[in-house]
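*Asks:* Below you'll find the structure I mean.
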Amino acid sequence: NSGTPPVAADGKIYLCSAPGTITVIKPGDTLQTLSATSLDQRIVATPAIAGNALYVRAEKQLFVFGSK
(Lines give C-alpha, C1' and ligand atoms only; values in the text may rest on other atoms or scores of the structure.)
Protein backbone atom coordinates (compact mmCIF):
# COMPACT_ATOMS: atom_id res chain seq x y z
CA ASN A 1 0.00 0.00 0.00
CA SER A 2 1.51 3.32 -1.05
CA GLY A 3 -0.78 5.50 1.04
CA THR A 4 -4.30 6.64 1.70
CA PRO A 5 -6.66 8.44 -0.67
CA PRO A 6 -6.00 12.19 -0.78
CA VAL A 7 -8.33 14.52 1.10
CA ALA A 8 -9.06 18.16 0.29
CA ALA A 9 -10.14 21.16 2.33
CA ASP A 10 -9.59 24.91 2.47
CA GLY A 11 -8.08 25.02 -1.02
CA LYS A 12 -5.41 22.43 -0.21
CA ILE A 13 -4.87 18.74 -0.94
CA TYR A 14 -3.45 16.48 1.78
CA LEU A 15 -1.47 13.43 0.65
CA CYS A 16 -0.53 10.79 3.23
CA SER A 17 1.94 8.02 2.48
CA ALA A 18 1.74 4.67 4.29
CA PRO A 19 5.28 5.09 5.71
CA GLY A 20 4.12 8.26 7.49
CA THR A 21 4.68 11.41 5.44
CA ILE A 22 1.97 14.06 5.09
CA THR A 23 2.41 16.41 2.12
CA VAL A 24 0.19 19.44 1.58
CA ILE A 25 -0.12 20.80 -1.94
CA LYS A 26 -2.01 23.66 -3.55
CA PRO A 27 -3.97 22.65 -6.63
CA GLY A 28 -3.29 24.54 -9.83
CA ASP A 29 -1.53 24.47 -13.18
CA THR A 30 1.83 23.94 -11.47
CA LEU A 31 2.66 21.77 -8.48
CA GLN A 32 3.12 23.85 -5.36
CA THR A 33 4.13 21.97 -2.21
CA LEU A 34 3.13 23.92 0.89
CA SER A 35 4.57 21.57 3.51
CA ALA A 36 5.75 18.04 4.22
CA THR A 37 5.86 16.38 7.64
CA SER A 38 7.13 12.97 8.70
CA LEU A 39 5.30 11.30 11.59
CA ASP A 40 7.96 8.59 12.12
CA GLN A 41 5.20 5.96 12.17
CA ARG A 42 2.96 4.33 9.59
CA ILE A 43 -0.36 5.95 8.67
CA VAL A 44 -3.05 3.30 8.98
CA ALA A 45 -6.29 5.04 7.93
CA THR A 46 -7.60 7.68 5.56
CA PRO A 47 -7.26 11.10 7.23
CA ALA A 48 -10.42 12.92 8.24
CA ILE A 49 -11.14 16.63 8.18
CA ALA A 50 -13.52 18.22 10.66
CA GLY A 51 -13.79 21.94 11.27
CA ASN A 52 -10.30 23.40 11.00
CA ALA A 53 -8.52 20.16 11.91
CA LEU A 54 -6.91 17.27 10.04
CA TYR A 55 -7.04 13.96 11.95
CA VAL A 56 -4.46 11.34 11.03
CA ARG A 57 -4.48 7.83 12.57
CA ALA A 58 -1.00 6.36 12.80
CA GLU A 59 0.16 3.05 14.27
CA LYS A 60 0.53 4.33 17.82
CA GLN A 61 -1.15 7.72 17.94
CA LEU A 62 -3.94 9.90 16.62
CA PHE A 63 -2.47 13.16 15.31
CA VAL A 64 -4.53 16.36 15.03
CA PHE A 65 -3.28 19.26 12.91
CA GLY A 66 -5.11 22.57 12.74
CA SER A 67 -5.59 26.05 14.01
CA LYS A 68 -7.35 27.00 17.21
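*Asks:* I'd like the full set of residues that are in a loop (DSSP other than H, G, I, E, B) and open to solvent by 50 Å² or more (accessible area, probe 1.4 Å), limited to the range 16-34.
*Replies:* 19, 27, 28, 29, 30, 31 - these are the residues of the range 16-34 that are in a loop (DSSP other than H, G, I, E, B) and open to solvent by 50 Å² or more (accessible area, probe 1.4 Å).
*Asks:* Taking the stated definitions as given, is residue 37 under 10 Å from the mean Cα position of the chain (by Cα), surrounded by 10 or more Cβ atoms within 10 Å (Cβ to Cβ) and outside any strand (DSSP E or B)?
*Replies:* So residue 37 does not fit the description; no.
*Asks:* Among (1) among the hydroxyl-bearing types (Ser, Thr, Tyr); (2) assigned to a strand (DSSP E or B); (3) open to solvent by 50 Å² or more (accessible area, probe 1.4 Å), there is one condition residue 46 misses while meeting the rest; what is its number?
*Replies:* (2)
*Asks:* Working only within the range 1-15, note down all residues that are at pLDDT 90 or above, in a loop (DSSP other than H, G, I, E, B) and either at negative phi or surrounded by 13 or more Cβ atoms within 10 Å (Cβ to Cβ) (or both).
*Replies:* Correct list: 5, 6.
*Asks:* Do any residues in the range 32-54 that are touching a residue at least 40 places away in the same chain (Cβ under 8 Å) have Cβ atoms under 6 Å from those of residues that are surrounded by 14 or more Cβ atoms within 10 Å (Cβ to Cβ) and among the basic types (Lys, Arg), where the two are at least six apart or on different chains, and which pairs are they?
*Replies:* Filtered contacts from the range 32-54: 45/57.
*Asks:* What residue, among those in the range 49-63 that are within 20 Å of residue 19 (Cβ to Cβ) and exposed (fewer than 14 other Cβ atoms within 10 Å of the Cβ), is farthest from the chain's Cα centre (by Cα)?
*Replies:* 60
The values are calculated or read from the model by the stated rules, or taken from the named source; none is laboratory data. All values reported here derive from a predicted model rather than from experimental measurement. Methodologically, a virtual Cβ is constructed for each residue, glycine included, from the backbone with ideal geometry; neighbour enumeration extends over all protein chains shown. The area values use the complete protein model at the heavy-atom level, side chains included, leaving out ligands, DNA and RNA. Shrake-Rupley method; radii C 1.70, N 1.55, O 1.52, S 1.80 Å.
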